[in-house]
1. So what's the gap between the Cα centers of the stretch 71-104 and the stretch 216-264, to the nearest angstrom?
2. Using a Förster distance of 22 Å, how high is the FRET efficiency between residue 96 and residue 34, based on the Cβ-Cβ distance and rounded to 0.05?
3. Using the Kirkwood radius over Cα pairs, work out the Stokes-Einstein diffusion coefficient for the stretch 88-166 at 20 °C and 1.002 mPa s, in µm²/s as a whole number.
4. Mind telling me which of 69, 181, 194 comes out most flexible in a GNM of the chain, alpha-carbon contacts under 10 Å?
5. Provide Rg and Dmax in Å for the stretch 146-210, with only Cα atoms included in the calculation.
6. Work out the FRET efficiency for residue 260 and residue 218 from their Cβ-Cβ distance, taking R0 = 30 Å, and round it to the nearest 0.05.
7. Can you give the Rg to Rh ratio of the stretch 146-264, both from alpha-carbon atoms, with Rh computed by the Kirkwood formula?
8. Cα to Cα, under 18 Å, and not fewer than 8 places away if on the same chain: which aspartates and glutamates meet these conditions relative to residue 52?
Amino acid sequence: EGKEYESIHATIVGDGTVGLVTLDRPKALNALSHALMVEVVDALQAFDASPKIGAIVITGKGKAFAAGADIKEMKDKTFVDAYASRFVHHWNAVTAIRKPIIAAVNGYALGGGCELAMMCDIIIAGERAQFGQPELNLGTIPGIGGTQRLIREVGKSRAMEMVLTGKHFMGAQEAAQRGLACRVVPGEDEALVAEAISLAKEISKQSKPVVALAKESVNTAYEIGLTEGVRREQVLFYATFGLQDQKEGMSAFVEKRSPEFKDK
Ligand code: CAA
């Protein structure tokens, strides 16, 4: 499966069970141009539709994960251009992907880069990861979830500090301490990506429909209040009892063996 892209690479790794998207505009620090994000969404949707793939990893080549939306492309837009074309609206498609996405953040994740990472389900930070929302330095504000998601991850004061100053970036250790990232992987980018792929492989071993239900349920916590969220979780929980994989998983536990999920 070798679809060719201009600004990214999309490959299948992890014994065929993991889709890997590598942002590849290192000279522009992987600035998220319109064309690049169209490719990212296309690759994610293709992996989402592929039956063998259980999880997806996204990372950046070079010293950045992504240094934000492409400033050169945006700078001359008028309000009407921006509002009428909704030029970042298509990024939201990332949040509609049903398979888990792991962001392996190797370096700068700034502005739209930080926002893209936060649209993923799990962030693993390389030791050089730097998260920041520098939009105010450019006379604009975060535009694809930065003011909404960051506060939930790092708390209001720290989010406000980052957004309002455009500086005070967050390093890998702090990101992990605050829960923005699940862990820090020391060493080179290869080690980071290997760790992300290994986590994606682990997820791929689970029943795919159950993983999709679980992801949907956890993400519900982002969208709505607690009572409604718990109600929805229960419906999704009951839904798993319609799956052979639930019968297999629970039987295997009782019979003291490993389950063999059939994704149905
Ligand atoms: N858009 C377009 N080009 C970018 C870019 C971006 N977001 N970030 C970096 N580049 C380009 C630079 O223009 C430069 O190109 P040239 O070689 O052609 O001059 C190249 O990448 C390398 O960058 P630097 O020379 O600046 O590298 P550095 O190591 O000195 O600095 C940096 C690194 C601190 C990350 C710096 O590049 C920087 O501040 N980048 C901009 C970060 C930013 O403001 N991001 C927010 C964008 S707005 C946004 O994302 C809106 C939204 O919420 C949707």
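The values are calculated or read from the model by the stated rules, or taken from the named source; none is laboratory data. Quantities reported herein were computed from a predicted structural model and do not represent experimental measurements. Positions of Cβ are backbone-derived with ideal geometry, glycine not excepted, and every protein chain shown enters the neighbour counts. Note: accessible area is taken over every heavy atom of the protein model, side chains too, but ligands, DNA and RNA are not part of it. Shrake-Rupley method; radii C 1.70, N 1.55, O 1.52, S 1.80 Å.
1. 32
2. Taking R0 as 22 Å, the efficiency between residue 96 and residue 34 is 0.75.
3. Values: Rh = 12.8 Å.
Rounded to a whole number, D works out at 167 µm²/s.
4. Greatest mean-square fluctuation among the candidates belongs to 194.
5. Calculated on Cα positions, Rg and Dmax stand at 15.2, 44 Å.
6. Step by step, r from the Cβ atoms, then E = 0.75.
7. Values: Rg = 18.8 Å, Rh = 17.4 Å.
Reported Rg/Rh (Cα atoms, Kirkwood Rh): 1.08.
8. The qualifying aspartates and glutamates are 1, 15, 42, 202, 245, 260, 263.
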